[in-house]
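Worksheet: the structure to be examined is printed underneath.
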Amino acid sequence: MNGPLFTLPLGEWVASFVRWMTSTFKPVFDFIKTILEGIYDLIAAVLGEPPFVAVALVLVILAFLVKGWKLALGTAIGFLVIEGVGQWGNAMDTLALVILASFIALLIGIPLGIWAARNDSVSAVVRPVLDFMQTMPAFVYLIPTVVIFLTGAVPGLVATIVFALAPGVRFTELGIRQVDKEVVEAGHAFGSHPRRILREIQLPLALPTIMAGVNQVIMLSLSMVVIAGMVGAGGLGRDVVAALSRVNVGLGFEAGLAVVILAMYLDRITAALSDRSPVARALRTTVA
Amino acid sequence: MSALRVENIYKVFGRRGPEAVRRLDQGASREDVAPLGTAAVIDASFDVQPGEIFVVMGLSGSGKSTLIRMLNGLLRPTAGHIYLGEDDLATVGPAALRDIRQQRVSMVFQHFALLPHRSVLDNAAYPLQVQGVGRTERRAKAEESLQMVGLEGWGDKLPSELSGGMRQRVGLARALTADTDILLMDEAFSALDPLIRRDMQEQLIDLQQRLGKTVIFITHDLNEAMHLGDRIAVMRAGRIVQIGSAEEILADPADDYVARFIADVDRTRVLQASSLMRPPTVMLPVSSGPRRALHELSEAQMPASFVVDRERRFLGLVHDSDVLEAQRTGASDLSGIVKPGPLPVSTDANLSELFAPAAESQLPLPVVDERHRLVGVIPRVSILKAMAPNESAPDATDPTVNLPWEAEPTDVGPDDGATLVSGGPR
């Protein structure tokens with residue numbers, strides 16, 4: 001049997017790089033871990049400590065406010081199902097993870113997208129990095145994060161942020177680049193400062209697209225958060241992983257269904273929010 | 001002093017622009033420098049006078065959009081100078097440029113470029129918002145602008161609730177709110193239906209006369225250019241090939257390109273009575289006696305003559321039979337026998353306005369100036385002849401140009417068309 005023509009010890013390099021990072025930046029990582037854990041615990045407590053009825057009611061009212069009674073009714077039924085199968089506590093842990101991961105992913109992604117939209121070189125660098133991040137199998141991110149952050153919610157969070165970052169950047173860049181060139185020119189032509197053009201013209205007009213990106217970020221976060229159950233991130237993911245390892249069809253279905261209900265809720269809420277943006281509303285109003 | 005002075009500006013897109021300019025300067029063609037970049041505007045120079053409507057006309061790709069975008073610094077010229085008063089737009093810094101755009105040059109866009117999520121009023125108030133003017137004050141000013149363009153009461157609507165013509169009125173109102181002396185209009189009416197476009201052109205002329213703005217108007221439509229422009233710059237392949245008034249360009253096209261271009265212009269809207277008229281063959285002061293009148297009529301071999309007063313103001317017409325009668329009754333002058341005759345037309349009447357009066361009468365049309373003095377006449381045959389394209393046009397061999405129906409106006413209203421047909425042999 002022939003050996004390979006040559007060997008590229010890429011894996012070793014990456015491994016030693018991660019080892020070097022872990023030891024060199026240990027204080028930094030410890031700090032990040034403490035912060036993230038603190039915020040996560042806080043959100044999880046807010047969502048998980050009050051009784052089911054209180055939290056569910058708030059979420060149902062939210063659904064009613066942003067969309068209407070149909071979504072509110074659907075939400076109520078869905079949440080009753082989650083409570084009924086005993087997954088409410090896990091669902092709230094997962095929701096806390098999703099909220100935090102999405103928030104941080106957007107905090108990084110949207111400014112990066114704006115920068116990429118305004119600068120072609122940035123765009124040229126960012127694009128392949130995003131391709132890499134999106135296509136690398138999601139599990140792989142878990143390995144270095146576990147090395148760096150050990151187990152618990154934080155490695156799952158960090159892996160989720162990396163995995164969910166891409167659509168936030170892409171949709172923001174796309175949305176801003178899609179804004180009618182003439183309207184941006186009009187901003188310049190009347191002497192507006194580029195920063196104001198961004199704030200008053202580009203971002204509002206790009207908002208429907210950016211919101212689609214926000215929706216994608218949340219959906220990706222949710223799917224990754226379940227995978228993160230493998231490294232002890234808690235929530236629904238833990239039960240899904242447990243069901244998998246014990247071949248427990250019932251538990252798997254119940255936890256899986258709770259994920260689906262949560263996903264639909266988050267999707268409809270964000271979609272309704274983007275529909276309510278001034279530009280989306282204005283574009284729906286046309287000459288009768 | 002001119003409102004805007006453009007001196008030898010070039011715009012070459014691409015990294016090696018300056019090198020391309022150097023080559024173009026030495027006589028290279030646009031194609032020669034293509035490897036260095038796209039030469040959109042080549043060596044353009046012109047002056048725009050205050051209060052003038054200056055039209056830049058050219059087909060797509062001729063560089064006119066690039067040219068207008070350099071006039072407010074949306075694009076920087078690769079070489080050359082654009083003087084706006086003391087400032088040279090080619091070198092001015094970003095803060096000063098924003099200041100110029102706020103105070104001195106505004107723009108109307110082809111596709112209106114309104115903010116879809118803001119009301120019509122807020123769109124019209126946008127320039128003042130940029131300038132940091134308070135909400136109440138800028139809305140009051142915007143309301144005035146909307147009134148000027150005939151959109152009072154529409155302020156609460158969103159742009160998407162308006163028709164195309166109305167949206168462009170908002171675009172115009174927005175530019176008026178900025179209250180700059182110079183107004184750039186980039187194919188501003190090209191996206192509108194022909195009838196609405198016509199309306200907007202009239203409105204622009206009207207506004208220009210009321211407010212005295214300097215307007216620089218870009219269009220690919222020669223009829224529009226001829227109708228609006230005090231002067232027209234014709235662009236081709238990045239260069240300005242001719243600058244002149246509509247009549248100058250029609251009468252004396254600078255080259256084959258311009259001649260071909262004007263071959264199918266709607267002459268009825270461009271040519272004016274003043275360019276068609278000739279001196280009257282016979283013209284009698286009202287004080288002249290019948291004997292002298294008969295003498296002049298027989299000398300001119302005419303059956304009738306126009307009559308003017310001592311200041312040469314048009315009074316009407318006398319017929320030979322009436323003059324004979326007056327001589328028999330011993331009248332001392334012609335005042336008793338003057339008939340109203342054909343209605344006089346003014347010197348700036350368009351050819352299209354001459355059809356109806358010409359159809360009414362066998363006699364030539366009298367042409368009067370603003371003081372109602374008879375300055376010339378237009379025989380009917382001259383009107384028909386003027387409709388045919390220039391015989392000197394190089395395309396004269398092209399049969400499509402010589403066909404009489406090709407020379408007919410293509411977009412005159414139904415009224416004009418009707419008189420043209422019915423005005424024939426009556």
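Listed values, structure above:
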quantity	calculated
Flag if A:Leu203 is within 14 Å of chain B (Cβ to nearest Cβ) and within 29 Å of A:Val98 (Cβ to Cβ)	yes
Single unsatisfied condition, B:Ser29 versus (1) away from chain A (no Cβ under 14 Å); (2) in contact (Cβ under 8 Å) with a residue 12 or more places away in the chain; (3) polar (S, T, N, Q); (4) in a loop (DSSP other than H, G, I, E, B)	(2)
All positions within the range B:66-77 that are within 14 Å of chain A (Cβ to nearest Cβ) and assigned to a helix (DSSP H, G or I)	B:Thr66, B:Ile68, B:Arg69, B:Met70
Per-region count, the range B:166-184, residues farther than 21 Å from B:Gln131 by Cβ and in contact with a Phe, Trp or Tyr (Cβ under 8 Å, 6 or more places away or on another chain)	3
Which numbered condition B:Arg98 misses (of (1) assigned by TED's automatic domain parsing to the domain that holds B:Leu71; (2) touching a Ser or Thr at 6+ places or on another chain (Cβ under 8 Å); (3) not in a helix (DSSP H, G or I))	(3)
Any hit, the range B:54-65, residues being of a type in the set (A, V, I, L, M), within 14 Å of chain A (Cβ to nearest Cβ) and surrounded by fewer than 22 Cβ atoms within 10 Å (Cβ to Cβ)	no
From A:Gly213, A:Gly232, residue being surrounded by fewer than 18 Cβ atoms within 10 Å (Cβ to Cβ), away from chain B (no Cβ under 14 Å), closer than 25 Å to A:Ile104 by Cα and of a type outside the set (S, T, N, Q)	A:Gly232
Of all residues making up the range B:129-146, the number that are within 14 Å of another protein chain (Cβ to nearest Cβ) and assigned to a loop (DSSP other than H, G, I, E, B)	3
Residue in the range B:213-247 that is surrounded by the fewest Cβ atoms within 10 Å (Cβ to Cβ), counting only those that are under 21 Å from B:Pro50 (Cβ atoms) and among the charged types (D, E, K, R)	B:Asp230
Matching residues in the range B:67-83 - criterion: being out of contact with any Pro (no Cβ under 8 Å at 6 or more places or on another chain), crowded, with 22+ Cβ neighbours inside 10 Å and not charged (D, E, K, R)	B:Leu67, B:Leu71, B:Asn72, B:Gly73, B:Pro77, B:Ile82
Selection count, the range B:83-100, where residues are within 14 Å of chain A (Cβ to nearest Cβ) and under 28 Å from the mean Cα position of the chain (by Cα)	3
Odd one out for B:Asp47, checked against (1) away from chain A (no Cβ under 14 Å); (2) within 22 Å of B:Asp179 (Cβ to Cβ); (3) not in a loop (DSSP other than H, G, I, E, B)	(2)
Residues of the range B:104-128 satisfying the condition of being part of a helix (DSSP H, G or I) and facing another protein chain (nearest Cβ under 8 Å)	B:Tyr126, B:Pro127
Candidates A:Val225, A:Val279 - the one that is more than 13 Å from chain B (Cβ to nearest Cβ) and modelled with pLDDT under 90	A:Val225
Unmet requirement for A:Asn90, which otherwise passes all of (1) outside any helix (DSSP H, G or I); (2) under 20 Å from the mean Cα position of the chain (by Cα)	(1)
B:Ala142 being in contact with a Leu (Cβ under 6 Å, 6 or more places away or on another chain) and in contact (Cβ under 8 Å) with a residue 40 or more places away in the chain	no
B:Gly80, sole failed condition from (1) assigned to a loop (DSSP other than H, G, I, E, B); (2) more than 11 Å from every other protein chain (Cβ to nearest Cβ)	(1)
Of all residues making up the range B:109-149, the number that are within 16 Å of B:Gly165 (Cα to Cα) and among the charged types (D, E, K, R)	0
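The values are calculated or read from the model by the stated rules, or taken from the named source; none is laboratory data. Everything numeric here is computed off the predicted structure, so don't read it as measured data. We place every Cβ from the backbone using ideal geometry, glycine too, and count neighbours over all the protein chains shown.
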